[in-house]
Each structure stands twice: as C-alpha cells, then as structure tokens.
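Asks: Have a look at this one before I ask anything.
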Amino acid sequence: MNILALETSCDEISASIVDEEFCVYSHIIFSSVDLAKKTGGVVPEVAARDAEKKMVSVIEKAMEGFSWDDISAIAVTNGPGLIGSLLVGIEAEKTIAVLHQKPLIPVHHIFGHVCANLLSSHPEKPKQKPKFPSIVLTVSGGHNDVLLWKDWDDIQILGSTIDDAAGECFDKCARMLGLEYPGGPALSRVAEMGIPGKIHFPRPMIHSGDYQFSFSGLKTSLLYFLRDFPKELTPADTANIAWGIQDAIIETLVLKSFIAVERYKIQEVHISGGVSANTLLRKRFQEECEKRGIAFRFPKNIVFCTDNAAMIGAAGQVMFQNRPQKKWNIENVQLNMDRKNFGF
Ligand code: KG4
Ligand code: ZN
C-alpha cells in the first residue's frame, strides 16, 4: 500500500513513495539552499516561486517506474511552514488526488519529523516499531519541540521554544562568525577544532522546571562577546567560540529532553529534524540513553533529518492505517499553521 508524499514547507521541494512498512522506494529532493546561501537565509517568496517551478518535475521523477495504480493514497504537508511554499504543494496534491481519485492525507510537518525515525530505505529490512511511550526531540531551523509519543496517533507537545529554534541559533551564530549558510554543519565542523571548555556560554532556561526553550539570548550573548572581544578573531578563536556555542545548545537540548524522560518512564528516546544530524547531539543522547538502559533512535540517513517527503509518507501511513474510517477527502485538507494541532 504505497503513499505518494510531498513536502514543500520551507526551501525544499521533495516527493517520495513510502510503503505500509515505512520503506522508501523513491525519494527526490530539490533544495533551493544555493539561493539561500546567496541571501544568507531563506527568502519566503523566492522559495515559493522555486517550489512552483520545480513541482511537476519532482513528482514525475518520484513516480518513475510506478503507475498511478501502484499508489493507494497521497500525503501532503499542510503546515506549519512558509505559506507560499505550502500552498503550492497543497494545491498540486489536491489536483492529483482529484485527477486520480486517491485519498488525500494532510500531514503536520512536525509529526512528519517524528515519523522520520520509522523509515528504512529499500532493500533494507523494515525498522522495529517504536516502543511507547517515547520522548521525541524534533529540532531544526524552524521548530524545537519535546514531544511525548504515547501511541501511534496519540502525541502531545510537552514544550517548545519560546523564540528561536536551536537550528536558527546555529545559523545566526555561524553568520556572526563569518561561516556559511546553513550554519549548523559549518559551525559544528569548526567547533571540532576548538579547545573544549575554553569559552563558556550560558545554558538558556535550564532551571525553568518545564520543557520550554529559548535560544535568542544565546545569540545576543555571542553578539556582545564579539563586540567586546579585544582583538581580531583568529581561526583558533573562532573554533573555541564555535565549540562554546555548540556545547551550550546541545547541553540545553539534552538537559530538557532527559527531564521529560525521567518524568514519564520512557522506553525509547528519538531525535529528528535538521539539527539531529549533529554528531555531538547524537553522541550525548546515546550516552544518556545508555546510562538509563533505554533505546535511542535517530535518522541514520542524513536526508531523513532535514526536511524531506519520505517522512511525510511515513506520517501519512501512520494516519491512514490508524484512522481507517476517516474520509480523506480534499475538502478536509486546508493549510494548518497551528503548531500544536496535529490534525488527528
Ligand atoms: O529540518 P530542517 O531541514 O528545516 C527546518 O524545518 O527548519 O533543518 C534545518 C536546520 C538548519 O538550521 C541547519 O543549520 C540545521 O538544521 N542543521 C544542523 C546540522 N545539520 C543541519 N545543525 C547542527 N548540526 C548539524 N550537523
Ligand atoms: Zn522541518
């Protein structure tokens, strides 16, 4: 039972075919990251125009070797994200659903990231089903949430960022240090050459007693640190600063997530989203899970960390399989900018 999925919530346009065991048979991603590199970040209108331009060819490429009879349903990200890009994707999928008479499943972008950890790529063996309850940290440029996943279609956001997400903090700090966009991978590469502990930055909100995050103050700390730095930065200074910033971001993510792990008697911990590609974040989560004897999941394939359509296919499968009575009509598919409403 294959689902054709589409994701266009930011600057990627991606289409994928995923079966009922969450196995990925085809996966195409076009990214406008080169455009974003020129502007130092994503420009919403540019991203939407790019999505409109590439949409048809991305879907055609994903469908190569498949016929419409092989597709049981269509899934599309209906938010949250950049409105222009989302609308391009939603309208394209509505058209396909009507034309080929397929059910259309609207998928919340954050639930898509949650389901990225279910994916395997053909011909790998399907992954083991998750053990509930799990704690999931979804962390990327646009979102930063700790979720309690109680059952397939029962999930709750425990806490989120009150301002910037960790990925946004990586991107903006990298920019202040003169590193390229996207800043996460660039900053963590430079941090590897830094001296551990040489420079310390604050861990935002770690004593707030909840699962909320705030990363905008960390950006300001760096701004003032650089303003008051007594000399021109050498590459060694940049590396030490990058080490300090990365350490502050990662430790904050670890501390908050594992407070939730302790409180809810958790069986498994998952990370996903663009920042889950970070080697230090993976290492620290692995260590904390090993200490507690619980399983840890992360997207092994880096393309499943950042925005991609395969994760939307996996989330579509979860919704389709767990809500057999629901009518997946195009009338029920609208833009959903509510970060907490997953639409189950
Ligand atoms: O999930 P994603 O593709 O898009 C959003 O939904 O935002 O995540 C992109 C974010 C960017 O902020 C990027 O800097 C960050 O993920 N990122 C990383 C790494 N790779 C990507 N951050 C830290 N370390 C990495 N290795
Ligand atoms: Zn995302």
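The values are calculated or read from the model by the stated rules, or taken from the named source; none is laboratory data. Every value quoted in this text rests on a predicted model; they were computed, and no experiment measured them. Cβ: placed from backbone, ideal geometry, glycine included. Neighbour counts: every protein chain shown. To get the accessible areas, we keep the full protein, side chains included, count just its heavy atoms, and leave off ligands, DNA and RNA. Shrake-Rupley method; radii C 1.70, N 1.55, O 1.52, S 1.80 Å.
Asks: Here is a list: Ala277, Ala310, Ala314, Ala295. Which entry is touching a residue at least 60 places away in the same chain (Cβ under 8 Å), within 16 Å of ligand 2 (Cβ to nearest atom) and in contact with an Asp or Glu (Cβ under 9 Å, 6 or more places away or on another chain)?
Replies: After applying the criteria, what remains is Ala310.
Asks: While we're on this one: What is the one condition in (1) within 18 Å of Ile250 (Cβ to Cβ); (2) free of Cβ contacts under 8 Å to residues at least 60 places away in the same chain; (3) away from ligand 1 (no atom under 15 Å from the Cβ) that Pro230 does not satisfy?
Replies: (1)
Asks: How do the pairs read when you match residues in segment 211-226 that are under 12 Å from Asp164 (Cα atoms) with residues anywhere that are hydroxyl-bearing (Ser, Thr, Tyr), using Cβ under 8 Å and keeping only pairs 6 or more apart or on different chains?
Replies: So the pair list comes out as Gln212/Ser160; Gln212/Thr161; Phe213/Ser160; Phe213/Thr161; Phe213/Thr252; Ser214/Thr161; Phe215/Thr161; Phe215/Thr252.
Asks: Also, I was wondering about something else. Could you list, ordered by first residue, the pairs with Cβ atoms under 6 Å in which the first is in segment 102-120 and closer than 20 Å to Pro133 by Cα and aliphatic (A, V, I, L, M) and the second is at pLDDT 95 or above and within 12 Å of ligand 1 (Cβ to nearest atom), at least 6 apart or interchain?
Replies: If the second residue must be at pLDDT 95 or above and within 12 Å of ligand 1 (Cβ to nearest atom), the pairs left are Ile110/Thr138; Ala116/Ser272; Ala116/Phe304; Ala116/Met311; Leu119/Phe304.
Asks: I need a count of the residues in segment 294-309 that are more than 13 Å from ligand 1 (Cβ to nearest atom) and either touching a His at 6+ places or on another chain (Cβ under 9 Å) or in a strand (DSSP E or B) (or both).
Replies: Here the count works out to 3.
Asks: Pairs needed: first member in segment 166-184, within 21 Å of Glu251 (Cβ to Cβ); second member anywhere, of a type in the set (A, V, I, L, M) and part of a loop (DSSP other than H, G, I, E, B); C-beta distance under 8 Å; at least 6 residues apart or different chains.
Replies: Pairs that qualify, where the first residue is within 21 Å of Glu251 (Cβ to Cβ) and the partner is of a type in the set (A, V, I, L, M) and part of a loop (DSSP other than H, G, I, E, B), are Leu177/Leu233.
Asks: Quick one: count up the residues across segment 275-295 that are surrounded by fewer than 17 Cβ atoms within 10 Å (Cβ to Cβ) and among the aromatic types (Phe, Trp, Tyr).
Replies: Of the residues in that region, 0 qualify.
Asks: So which residues in segment 16-42 are away from ligand 1 (no atom under 16 Å from the Cβ) and surrounded by 20 or more Cβ atoms within 10 Å (Cβ to Cβ), if there are any at all?
Replies: Of everything in segment 16-42, those that are away from ligand 1 (no atom under 16 Å from the Cβ) and surrounded by 20 or more Cβ atoms within 10 Å (Cβ to Cβ) turn out to be Ile17, Val18, Phe22, Cys23, Val24, Ser26.
Asks: Next question. Could you tell me whether any residue of segment 283-293 is among the small types (Gly, Ala, Ser) and assigned to a helix (DSSP H, G or I)?
Replies: No, segment 283-293 contains no residue that is among the small types (Gly, Ala, Ser) and assigned to a helix (DSSP H, G or I).
Asks: In addition: From the list Gly184, Gly141, Gly178, Gly167, which residue is farther than 26 Å from Gly209 by Cβ, within 15 Å of ligand 2 (Cβ to nearest atom) and modelled with pLDDT of 95 or more?
Replies: So the residue among Gly184, Gly141, Gly178, Gly167 that is farther than 26 Å from Gly209 by Cβ, within 15 Å of ligand 2 (Cβ to nearest atom) and modelled with pLDDT of 95 or more is Gly184.
Asks: Further question on the same structure: Can you run down the residue pairs with Cβ atoms below 7 Å, 6 or more apart or on separate chains, where the first is in segment 11-23 and modelled with pLDDT of 95 or more and the partner is open to solvent by 10 Å² or more (accessible area, probe 1.4 Å) and among the basic types (Lys, Arg)?
Replies: If the second residue must be open to solvent by 10 Å² or more (accessible area, probe 1.4 Å) and among the basic types (Lys, Arg), the pairs left are Phe22/Lys127.
Asks: If you don't mind, another one. I need the full set of residues from segment 55-73 which are assigned to a helix (DSSP H, G or I) and either open to solvent by 50 Å² or more (accessible area, probe 1.4 Å) or not assigned by TED's automatic domain parsing to the domain that holds Ile13 (or both), in order please.
Replies: Within segment 55-73, Val56, Glu60, Lys61, Trp68, Asp69, Asp70 qualify.
Asks: Next question, about the same structure. Among the residues of segment 244-274, which ones are open to solvent by 20 Å² or more (accessible area, probe 1.4 Å) and assigned to a helix (DSSP H, G or I)?
Replies: Correct list: Asp247, Glu251, Leu255, Ile259, Glu262, Arg263, Gly274.
Asks: Just give me the residues in segment 187-227 being within 16 Å of ligand 1 (Cβ to nearest atom) and hydroxyl-bearing (Ser, Thr, Tyr), in sequence order.
Replies: Ser188, Ser216
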